[in-house]
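Asker: Take a look at this one; I'll ask things after.
Derivation of every value follows stated rules applied to the coordinates shown; laboratory data play no part. All figures in this text were calculated on a predicted structure; none of them were measured in a lab. Using ideal geometry, Cβ is built from the backbone for each residue, glycine included, and neighbour counts are taken over all protein chains shown.
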Amino acid sequence: MQNILNYPFFYNLYQKLIGSNKYLEKLTNEFIKPYENCEIFEIGCATGNIIPYLQAHHKIHYTGDDISAKYIIFATKKYYKYTFLCQFLDHETKLRKNFDIIFMDGVLSENNDKCVINIFDFIKNHSNETTRIIISDTNYKNAQKIGVWDVIKKIYYSHKKNSYMRTKEEFILLMEKYFNIEKTTIINNPYYIPYEKIIFECTMIK
């Protein structure tokens, strides 16, 4: 499993097997809440699996970014009418517009504190007072209590050079200097495998 999930076919197959689609639909409908003609930016878009849910009921303007060239090539071919980037995001990343919604799922647990701050700087530079920021990730503290977690972690993170799992309190410590955290939600068993997701609904501190 060392590198197999770096390939879009196997990544998508794995996501299907663990039942991630039901969570992406829930994340879209209950938290991201796209609306007609909204400008959406996804950080860590992978192969674009959430796009069918984002565009299900509204015309959207979507931009996705991922550092995997393989994922971006796949997403660009499948969802050719949208914009995709393949780059690290930080305060020097300059796009031509701000976004109505910026979201990420599972990105912070793949980045150290310095990289996370770079991502937050990017968000700050591409948001305004009305931008909704949705951050979804693994709630590591409770995941540790589940006996199968070690197996899940070995499979899912085997293709990652590093993983930086954090507790709710550790997430907040990183986020509180940048965001107004308006609501925090815990989702139990979001996939077929037993663990927890934590979702922060935020706006930017200006």
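Asker: Spelling out what I want: for every residue of the stretch 183-191, take phi, set θ = phi - 60°, compute 6.51 cos²θ - 1.76 cosθ + 1.60 (Karplus), and round to whole Hz; glycine and proline get x.
Answerer: Karplus values, whole Hz, x for Gly and Pro: 7, 10, 10, 9, 10, 7, 6, x, 10.
Asker: Turning to a different aspect of this structure: Could you pull out every residue, at least 5 positions away or on a different chain, whose amide H is within less than 5 Å of the one on Cys38? Hs are placed 1.01 Å off N in the peptide plane, and Pro or chain starts have none.
Answerer: His61
Asker: OK, next. Over 27 Å between C-alpha atoms is what I'm after, so list which of Lys78/Lys183; Lys33/Lys97; Lys22/Lys124; Lys78/Lys206 land there.
Answerer: Violating the 27 Å limit, Cα to Cα: Lys78/Lys183; Lys22/Lys124; Lys78/Lys206.
Asker: Turning to a different aspect of this structure: When only Cα pairs under 8 Å and 6 or more residues apart are kept, what is the percent relative contact order across the chain?
Answerer: Averaging sequence separation for qualifying contacts and normalising by length gives 21 percent for the chain.
Asker: In whole Å and largest first, what semi-axes does the C-alpha gyration tensor of the stretch 4-204 yield when each eigenvalue is scaled by 5 and square-rooted?
Answerer: 24, 20, 17
Asker: While we're looking at this one, here's another question. Going through the stretch 1-93, which GluC sites (Glu not before Pro) have at most 12 other Cβ atoms within 10 Å and a DSSP loop state?
Answerer: Answer by residue number: Glu36, Glu92.
Asker: Where in the stretch 69-135 are there chymotrypsin sites (Phe, Trp or Tyr not before Pro) that are in a DSSP coil and have at most 14 other Cβ atoms within 10 angstrom of their Cβ?
Answerer: In loop regions of the stretch 69-135 (DSSP not H, G, I, E or B), the sparsely surrounded chymotrypsin sites (Phe, Trp or Tyr not before Pro) are Tyr80, Phe88.
Asker: Can you tell me the dipole magnitude for the stretch 1-94 around its Cα centre, using point charges on the Cβ only (Lys, Arg +1; Asp, Glu -1), in Debye to the nearest 20?
Answerer: 400
Asker: Taking the Cα centre of the chain as origin and charging only Cβ (+1 Lys, Arg; -1 Asp, Glu), how large is the dipole, in debye to the nearest 20?
Answerer: Dipole size: approximately 480 debye.
Asker: Then there's this: I'd like the Kirkwood hydrodynamic radius of the stretch 163-206, using the inverse of the mean 1/r over distinct C-alpha pairs, in Å.
Answerer: 11.6
Asker: Out of the stretch 39-115, which trypsin sites (Lys or Arg not before Pro) are coil in DSSP terms and have no more than 11 other C-beta atoms within 10 Å?
Answerer: Qualifying residues, ordered by number: Lys59, Lys81, Lys94, Arg96, Lys97.
Asker: Compare the Cα positions of Thr93, Ala46, Ile123 along the charge dipole of the chain (+1 at Cβ of Lys, Arg; -1 at Cβ of Asp, Glu; about the Cα centre) and return the one farthest towards the positive end.
Answerer: Final value for the positive-end residue is Ala46.
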